[in-house]
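Readers should treat all values here as calculations from the given coordinates under stated rules, not as data from a laboratory. This is a predicted model, so every value here is computed, not measured. Virtual Cβ from ideal backbone geometry, glycine too; neighbours counted across all protein chains shown.
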Amino acid sequence: MSTDSKIPSVTLNNGVAMPQLGFGVWQVPDDEAEKAVATALEAGYRSIDTAAIYENERGTGKALAASGIPREELFVTTKLWNSDQGYDSALRAFDASLERLGLDEVDLYLIHWPTPAKNAYVDSYRALEKILGEGRAKAIGVSNFLPEHLERLTAETGVVPAVNQIELHPQLAQAESRALHAELGIATEAWSPLGSGRGLLEVPAIVAVARKHGRSPAQVVLRWHLQTGNVVIPKSVTPSRIRENVDVFDFELDAEDMAAIAALDEGRRLGPNPAEFNAGA
Ligand SMILES: NC(=O)c1ccc[n+]([C@@H]2O[C@H](COP(=O)([O-])OP(=O)(O)OC[C@H]3O[C@@H](n4cnc5c(N)ncnc54)[C@H](OP(=O)(O)O)[C@@H]3O)[C@@H](O)[C@H]2O)c1
């Protein structure tokens, strides 16, 4: 990262530095992704979270190339889709992602979902270990892995995942997963950190904390994540929001604010339960 960036990094379990705040591009069509990622890079984001299934790796890659930002200052994550799980198919899928991104390597490669019906995440992860060994991913990890999946993975493979990217926001605070991640040395990355545009930002307790600080509800929720220790990847296609979401490093929530937001946890999933999600199996 450039030295003047305000975005702090977390150090992953293999020593790689990852920006604590990045930009997510789920549900952004390829042609719009180019524009949104360009806006994000201009606003100061350096970490971009895409996935093969988002079908916007090409647009993302074009924006990265056009930015002129040195490759070593960027942090690019992509993910292995469920239908490509398996050792050989994961290696092929990774090559295809690199080709679409126009990159020689990614910073982080994740297994997108455990996809239990396929029973292939251990073999898939062995492919990721090979990719890591070749230096074509600086770090490898998983997404949507429940404690049971992490326990099997760490028992049967050699590299502890650097990251588990899971649904996490104030209404789904994921205490059990976060505790296991801390024990195993896995960074917790929050997806749908703002509640994916489905009402979280209008919850009165969040609005009250936002008013108290003269900031937006989204900024307050992002501060809660950062102060909790989560890596966070808010998505927006709206330039003013893209800028607003990275402008969160000049204020702090106090213990009372943090407690008011923590009280909203109700174990409420917006997305599927990973134990049952087998799309593409
Ligand atoms: N691993 C996984 O399985 C998985 C699953 C889901 C998501 N993810 C990752 O996590 C990223 C973020 O999750 P997400 O896209 O579900 O949702 P999110 O970041 O929680 O929320 C995005 C929604 O909030 C709106 N928004 C953004 N900033 C705002 C602001 N400052 N004020 C008001 N509204 C705002 C956006 O609207 P506009 O865009 O219209 O501005 C959009 O509707 C994804 O893009 C993806 O990279 C991963």
In Hz, Karplus ³J(HN,Hα) per residue of segment 168-183 (6.51, -1.76, 1.60; θ = phi - 60°; x = Gly, Pro):
7, 7, x, 8, 8, 7, 6, 4, 5, 5, 4, 5, 5, 4, 4, 5
Given the chain, what count of lysine pairs have C-alpha atoms under 29 Å apart, with each pair 8 or more places apart or on different chains?
23
Which residues' amide hydrogens lie under 5 Å from the amide hydrogen of LEU80, considering only partners 5 or more residues apart or on another chain, with H built in the peptide plane?
LEU110, ILE111, HIS112
Inter-part gap, Cα centre of segment 162-182 to Cα centre of segment 51-128, in whole angstrom, is 22 Å
Considering only ASP88, ASP49, ASP247, give the residue with the highest GNM mean-square fluctuation for the chain, with springs between Cα atoms whenever their separation is below 10 Å.
ASP88
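Where the only charges are on Cβ atoms (+1 Lys, Arg; -1 Asp, Glu), what is the dipole of segment 9-262 about its Cα centre, to the nearest 20 debye?
Values: 23 positive and 35 negative charges, 63 e Å.
That gives segment 9-262 a dipole magnitude of about 300 debye.
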Amide proton proximity set for TRP191, modelled H, under 5 Å, gap of 5+
ILE166, GLU167, LEU168
Bridge orientation stat for segment 1-85 from DSSP, antiparallel percent rounded to 5, came to 40 percent
Helix 204-213 versus the longest principal axis of the chain: what is the Cα-based angle in degrees, 0 to 90, to the nearest 10?
70 degrees
Show the residues, 5+ positions off or on another chain, whose built amide H is closer than 5 Å to the amide H of GLN20.
SER9, VAL10
Looking at the chain, what % of its DSSP beta bridges pair antiparallel, to the nearest 5?
15 percent
Ordered by residue, what ³J(HN,Hα) values in Hz, to whole numbers, does segment 21-35 give under the Karplus form 6.51 cos²θ - 1.76 cosθ + 1.60, where θ = phi - 60° and Gly and Pro are x?
10, x, 10, x, 10, 4, 6, 9, x, 3, 5, 6, 4, 4, 5
Please compute the Cα-Cα pair-distance distribution of the chain with 5 Å bins starting at 0, giving whole percents from short to long.
1, 6, 13, 17, 20, 18, 13, 8, 3, 1, 0
From Cα pairs below 8 angstrom and at least 6 apart in sequence, can you work out the relative contact order of the chain, rounded to a whole percent?
21 percent
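Based only on other Cβ atoms within 10 Å, what is the fewest-to-most ordering of LEU253, LEU132, LEU168?
Fewest-to-most Cβ neighbours within 10 Å comes out as LEU132, LEU253, LEU168.
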Between GLU55 and GLU99, what length in nm is gained on full extension when 0.36 nm per residue of separation is reduced by their alpha carbon distance?
14.6 nm
Which of PRO161, PRO70, PRO147 fluctuates most in a GNM of the chain (C-alpha springs under 10 Å)? That residue is PRO70
Using per-residue counts of other Cβ atoms within 10 Å, averaged over each peptide, order 172-182, 14-24 from highest down.
14-24, 172-182
